[in-house]
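Laboratory data are not the source of any read-out in this text; all were calculated from the coordinates shown. Model, not experiment: these values are computed from the prediction. No Cβ is skipped: glycine too gets one built from the backbone with ideal geometry, and neighbour counts run over all protein chains shown.
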Amino acid sequence: MRKLQIGVMGSAADLRYSKDIEALAEEIGYLVAENGAILFFGAEKDYDSLSTAACRGAKRARGFTVGVTYGKGLNVFEKDNADVIIGTGLERGGGREFVLVLSCDAIITVSGGSGTLTEIAVAYQASIPIVVLDKTGGWSEKLAGEYLDARRRIKAEAALTPKEAVELAVGFARKRLQEATK
């Protein structure tokens, strides 16, 4: 079986998240790598984000990271920690988010603004498991334990700690991958 591909998404730095929230994202990345999964993240070109913080955590654990970026070119903020950069040629606000999320077996979100909401919606539409770190603000907190609509495809599963978030995501991803190979 191939390695699991876990995406970590969250607020960009312009939403001014706290250092405590950033540390939670980094811990999630570390734990994703510790579980032997490949970390997928939104590779930003111009500033930091919770997604890139997760990348740093994964590299601290000697994990493998894949950054999906917008626009042309492979020059990104986290270039020293990304093992692979995928340049989509697409812009923020939909295009890049589709490529990023559809490359994942499960996603974990921390806080999050409109980009993270787009990523959650894409995962929901594709029935990709969603784990949200509750009590971190943004869309993660607003959607914790909720379905996005009346179709009730998959719930945005709430976790209270990075460890719980990664355990849930890895479990859901393994199940999804096993079902796909039947």
*Taking the Cα centre of the stretch 68-150 as the origin, how large is its charge dipole in debye, to the nearest 20, when only Lys and Arg (+1) and Asp and Glu (-1) carry charge on their Cβ atoms?*
220
_Efficiency of FRET from Cβ geometry, residue 72 and residue 47, R₀ 30 Å, rounded to 0.05_ = 0.95
_On a 19 Å Cα-Cα criterion, which of the cross-link pairs 45/72; 45/79; 19/135; 135/163; 59/135; 19/45 come out too long?_
59/135; 19/45
_Two-decimal ratio, the stretch 5-180, of alpha-carbon radius of gyration to 2.2 N^0.38 Å_ = 0.90
*Determine the gain in length on full extension of the stretch residue 174-residue 19; use 0.36 nm per residue of separation and subtract their C-alpha separation, reporting nm with one decimal.*
52.7 nm
*How about residue 142: which aspartates and glutamates have a C-alpha closer than 17 Å to its C-alpha, ignoring those fewer than 8 places off in the same chain?*
119, 134, 157
_Per residue convex hull volume, Cα atoms of the stretch 117-169, in Å³_ = 64
_Dimensions in Å of the stretch 1-55 - Rg and Dmax from alpha carbons_ = 11.5, 39
*asked:* Given points 7 Å out from each Cα along the Cα-Cβ axis, report the residue 149 to residue 2 separation in nanometres with one decimal.
replied: 2.8
_Cα centroid separation - the stretch 32-67 against the stretch 131-182, whole Å_ = 18
